[in-house]
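What follows draws every value from the coordinates through simple rules; no lab data is involved. Source: prediction; values computed, not measured. Because the Cβ atoms are built from the backbone with ideal geometry, glycine has one as well, and the counts that use them run over all protein chains shown.
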Amino acid sequence: MKDIIDTIGLIADGMRIETTTRFRVTNPGTGGVAGHAPDGGQEELDRAVAAARGAFPAWAATSDEERARLCMAVADQIESHAEELARLITAEQGKPLGGIGSRWEVGGAVAWARYTAGLSLPMQVLQDTPEGRVEMYRKPLGVVGSITPWNFPVLIAVWHILPALRSGNTVVSKPSPLTPLASLRLIELMNEVLPAGVVNSVSAADGSFNMGAAMSAHEGIAKIVFTGSCGTGQKVMRSSAETMKRLTLEMGGNDAGIVLPDADPKAIAEGLFWGAFINNGQTCAAMKRLYVHDDIHDAVCEALVAYARTIKVGEGTQDDSVLGPVQNRAQFEKLSRLVAQAKETGQVLLGGEPGEGLFYPPTIIAGLTADDPLVYEEQFGPALPIIRYRDVDDALRQANALDVGLGGSIWSSDKEAAKALAGRMECGSVWINSHGMIQPNAPFGGVKKSGFGVEFGEEGLKEYTDIQVIFA
Ligand code: NAD
């Protein structure tokens with residue numbers, strides 16, 4: 001496996017591009033080497049963009065049916081290499097192979113790719129009267145630059161690339177330097193079934209050449225689809241202004257869950273846990289703050305902690321691991337700081353002490369308020385703050401008080417009452433009695449500083465097009 005990993009390369013115009021150096025990718029579960037990835041620079045980026053530009057006219061002119069067929073072939077290709085991709089993800093990202101881990105991530109990538117392949121944006125007749133006919137077309141933009149984070153490297157790449165391709169764009173894909181291997185392998189696999197130049201890849205080590213910044217400023221790229229932190233998304237917006245790029249920015253959040261007094265603590269405990277701790281909390285739309293009504297506060301804490309105690313944390317290739325390590329040192333240190341600060345005022349119900357290496361046990365801390373950094377900062381790790389409330393309007397006010405708004409959830413036995421409250425949450429998605437359960441047919445995106453634009457479904461596909469109206 002190691003030999004294969006170290007041959008994963010960059011692709012431009014269907015051909016492998018050699019870089020003079022490769023950089024080390026660390027396995028967060030073992031602290032060892034996961035592999036070495038190509039360390040590219042401006043030259044590799046220019047080649048990838050030129051290849052994508054060269055391939056664009058033919059791809060945009062390819063019939064809709066043929067593009068759908070080829071996108072479906074990409075889905076099949078991912079499926080037939082699922083185990084290889086899952087093992088790469090576990091090696092560099094750390095998540096377990098089983099459970100809601102890397103096999104699940106690749107399964108999601110296949111499902112999203114298939115669903116997206118089946119979408120289309122046909123011409124719409126806006127008017128057909130004796131006065132005239134008005135037709136609206138959705139036209140591809142050109143080259144789409146995809147910039148992805150380290151938490152779901154394959155799934156998020158598919159979220160970016162498939163709708164771009166399906167609507168007739170060509171792509172330059174850049175993975176996070178922390179998890180480049182599975183994503184670059186994904187691009188190699190796509191190139192086995194797609195015409196040359198339609199999907200190309202670049203990568204660079206952290207701290208050498210800032211590939212993401214160079215992509216955002218590149219004259220040859222028409223749109224950036226970015227998933228990552230708020231601060232980096234703002235940089236993308238700034239550096240893409242000069243070239244008037246279209247942008248989809250999927251950035252950080254700090255999702256609130258609100259448990260109403262009529263909820264059944266035991267019935268919701270498992271859902272609450274996975275809402276917060278999926279992918280070890282390293283999930284954009286994970287529940288990052290939990291507001292629980294005073295009447296059932298202690299019962300909810302007890303049931304949640306009882307469920308969380310059953311979760312085994314361990315290295316991703318071990319069969320019994322349910323959660324893996326934190327992916328990287330910076331994230332681990334941020335988490336450790338936030339938990340240490342929270343311990344000064346809150347009561348640790350579970351966990352609270354860093355483990356070996358990058359392992360951190362699921363941590364639940366009650367007795368916190370809006371002033372605690374673990375409540376108002378995005379922890380992006382396995383630590384959940386619990387805030388007790390007495391008045392539902394006050395809980396809602398606190399939930400809406402932050403300047404981000406990706407997801408939210410209401411937990412209640414009364415669906416209608418929960419729905420009424422859901423409509424008052426300031427975020428892009430609200431779940432009732434679950435959290436973070438995204439699906440390929442429902443648009444997903446943030447409000448406020450969590451970004452703009454949506455992914456998934458027909459609305460997501462439209463983001464990769466410009467409108468042209470023909471008055472005949
Ligand atoms: P990050 O912002 O550090 O990095 C994201 C990507 O941007 C990486 O590929 C990185 O190399 C690249 N990058 C770095 N500097 C850049 C620049 N100046 N210009 C352009 N690109 C640049 O984010 P991360 O730490 O990899 O991911 C964690 C964050 O991502 C969290 O805040 C999380 O909430 C967010 N996230 C959001 C979603 C969503 O859909 N909204 C999904 C997953 C993660």
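Exposure proxy for Val225, Val454, Val125: other Cβ atoms within 10 Å of each Cβ, ordered fewest to most, give Val125, Val454, Val225. Between Gln282, Cys301, Ala417, the Cα set farthest toward the positive side of the dipole of segment 255-439 (charges on each charged residue's Cβ, about the Cα centre) is that of Gln282.
Across segment 459-472, rounded Karplus estimates of 3J(HN,Hα) from the backbone phi angles (6.51 cos²θ - 1.76 cosθ + 1.60, θ = phi - 60°) give 5, x, 5, 4, 5, 9, 9, 10, 8, 10, 10, 10, 9, 10 Hz, Gly and Pro being marked x. The overall shape of segment 255-439, judged from the alpha-carbon gyration tensor, is prolate: a/c is not under 1.5, and a/b is greater than b/c. Amide hydrogen proximity for Ile17: with H placed 1.01 Å from N in the peptide plane, the residues at 5 or more positions away or on another chain lying under 5 Å are Leu10, Ile11, Ala12. Peptides 251-258, 193-200 ordered by packing proxy, namely the average of other Cβ atoms within 10 Å per residue, highest first: 251-258, 193-200.
Its Cα centre serving as origin, the chain has a Cβ charge dipole (Lys and Arg +1, Asp and Glu -1) of approximately 580 debye. Listing His36, His435, His160 from fewest to most neighbouring C-beta atoms within 10 Å gives His36, His160, His435. Computed extension gain for Met123 through Lys139, at 0.36 nm per residue and net of the alpha carbon distance, reaches 4.8 nm. Across segment 296-313, computed HN-Hα scalar couplings (Karplus, 6.51 cos²θ - 1.76 cosθ + 1.60, θ = phi - 60°) run 10, 3, 5, 5, 5, 4, 4, 5, 5, 5, 4, 5, 4, 5, 7, 8, 8, 9 Hz from first to last residue, x flagging Gly and Pro.
Taking square-rooted eigenvalues a ≥ b ≥ c of the alpha carbon gyration tensor, is segment 358-443 rounded, prolate or oblate, where a/c under 1.5 means rounded and, failing that, a/b exceeding b/c means prolate?
Taking the square roots of the gyration eigenvalues as a ≥ b ≥ c, segment 358-443 is oblate.
For the chain, just say rounded, prolate or oblate: build the C-alpha gyration tensor, square-root its eigenvalues into a ≥ b ≥ c, call rounded for a/c under 1.5, and beyond that prolate if a/b exceeds b/c, oblate if not. Cα axes put the chain in the oblate bin. What the phi angles of segment 221-231 give under the Karplus curve with 6.51, -1.76 and 1.60, with θ = phi - 60°, is a coupling list of 9, 8, 8, 10, 10, 10, 10, x, 7, 4, x Hz, glycine and proline written as x.
The ranking of Thr26, Thr363, Thr20 by Cβ neighbour count inside 10 Å, starting from the fewest, reads Thr20, Thr26, Thr363.
Computed extension length for Thr30-Ala417: 134.6 nm, one decimal, from 0.36 nm per residue of separation with the Cα-Cα distance subtracted.
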